[in-house]
1. Cβ neighbours within 10 Å, averaged per peptide: list 408-417, 102-111 in order, most packed at the top.
2. If we count every other residue with Cβ under 10 angstrom of E163's Cβ, Lys/Arg +1 and Asp/Glu -1, where does the sum land?
3. So for L212, L217, what's the accessible-area order with a 1.4 Å probe, most first?
4. Heavy atoms only, 1.4 Å probe, whole protein assembly: order T336, T434 by accessible area, highest first.
5. Run the accessible area of the range 335-420 with a 1.4 Å probe and give the carbon-and-sulfur part as a rounded percent.
6. Taking the solvent-accessible surface of protein heavy atoms with a 1.4 Å probe, what is the per residue accessible area of the range 248-312 in Å²?
7. Take V352 and M379, extend 7 Å from each Cα along the Cα→Cβ direction, and tell me the distance between the two endpoints in nm.
8. Using a 1.4 Å probe and counting only protein heavy atoms, arrange K337, K343 so the residue with the most accessible area comes first.
Amino acid sequence: MGAAGGIDATETVSFPDWTQLPLDPLLVVMAGLEAPDLVRSGAACSSWHAAYATVRRLRIPTVESPPCLFYPAAGDPDPDAATVYNPTTGASFRVRLPDPPLRRRSIHGSGHGWLVAADEASNLHLVNPLTGAQHALPPITGIHNTKPAAPDNQGNPRYDLYEFSSIYPEPVAYTARELRLYMYFKAVLSCSPCCAGGDCVVLLLHKPHGQLSFARLGDEVWTWIGGDEYYDDEEWLDSGYSDAVYNEKDGLFYVLGFGADIITLDLKGASPVVKRVMKDVTKYNNPTKYLVIAPWGDLLQVWRTTASQSSATPVRQATEGMEDFDVKRPYHELYTKEVQLYKVDIGNQELVRIAGLGEYALFLGLNSTMILSTKDLPMLRADCAYLTHDNYEDILIHTHNGKEIRVWNFRSGTLEDVDNVHSWRNWPVPIWITPSLC
């Protein structure tokens, strides 16, 4: 050492070569990482990537990841790329999806680490944005009220949609890009597509009137839950549905109606079994309603009220990969005005207003609604709802206008910004996911 305490030029400084770590301890360390951190570690060097590939190939259980924000970054020129942001750490990383390009898809749900996205032909796929795995679901013509129609003048595919209503007694023809936004309300998964036994069920809420259909991987058509054989109360046939949640404990889907009524769906047998468990309390679908099973066991309804405001920046430029569009209200932007919480009391057939979530955080959007404890995740804001844009009519009419990513604070009753989220594109719609390598 020199007189000043520095390093002598003749000394050799050695650093540990982390690329030479033995495989077994490296696998133990990787098994303790959340999926986003595991993906990043696999990109460090060739030996770590080999260990990462082993974790995936052997399906070694890893730590369950908290919800992350999936969104297309505004400055990313790659049409296949998206950013995944983890609000519990503040870290982000980039992923690339398989074809078709992300910006040519529309997103209609997420669960268990998988997106439910429609291609330009309006057909739905399950896509894992971390692994690139993809599964095709039955085509849109496999839904009971959709048939192929003659192509438009440019040769683009079109479909006839039968709404069976007095307003639309005859089928209406839509282009594929139009129909995917009009047709799909939301898709909800029972489990990961890689779950044992291949029992993943996708429940689809769709036009007309929030009807229900479902499919399993490998099905060629969607099974429509409709008609007198599924219901013992005629008034249910006129009820539309806006959200659903799968209960792993009893194996049932709980489905929320526009009027805050709830039915259960048992899809394990040869035919669906429908049971009404909660009466309706309102005749309106405004505010937007969500259903979630809390970690402490209660069934909760979340009501989200939105309003229109003028954006400081008008919409001027088309999103890459989309056809030309006419922006009728370039300054229009939707924001959340209020979020209310209700405990569902099935025994007394009533909704009980609750003030907040205490140490828990809520994640709302097109994703399957989630509640997460913040006790061991200090960067998450307790008693708050993390929000992404999901208003069906606004996405349909103002497809390329601003999309909300905010936090609702139940204590103060105010909106707050999400930390460390970079500028995002308005298409496709940002959504919460729980990253998974399965």
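1. Put in order of decreasing packing, that is 102-111, 408-417.
2. Net charge in that neighbourhood comes out at 0.
3. The most accessible residue leads, giving L217, L212.
4. T434, T336
5. Answer for the range 335-420: carbon and sulfur cover 46 percent of the accessible area.
6. 46 Å²
7. It is 3.6 nm.
8. Accessible-area ranking of K337, K343, largest first: K337, K343.
The values are calculated or read from the model by the stated rules, or taken from the named source; none is laboratory data. All figures in this text were calculated on a predicted structure; none of them were measured in a lab. Methodologically, a virtual Cβ is constructed for each residue, glycine included, from the backbone with ideal geometry; neighbour enumeration extends over all protein chains shown. To get the accessible areas, we keep the full protein, side chains included, count just its heavy atoms, and leave off ligands, DNA and RNA. Shrake-Rupley method; radii C 1.70, N 1.55, O 1.52, S 1.80 Å.
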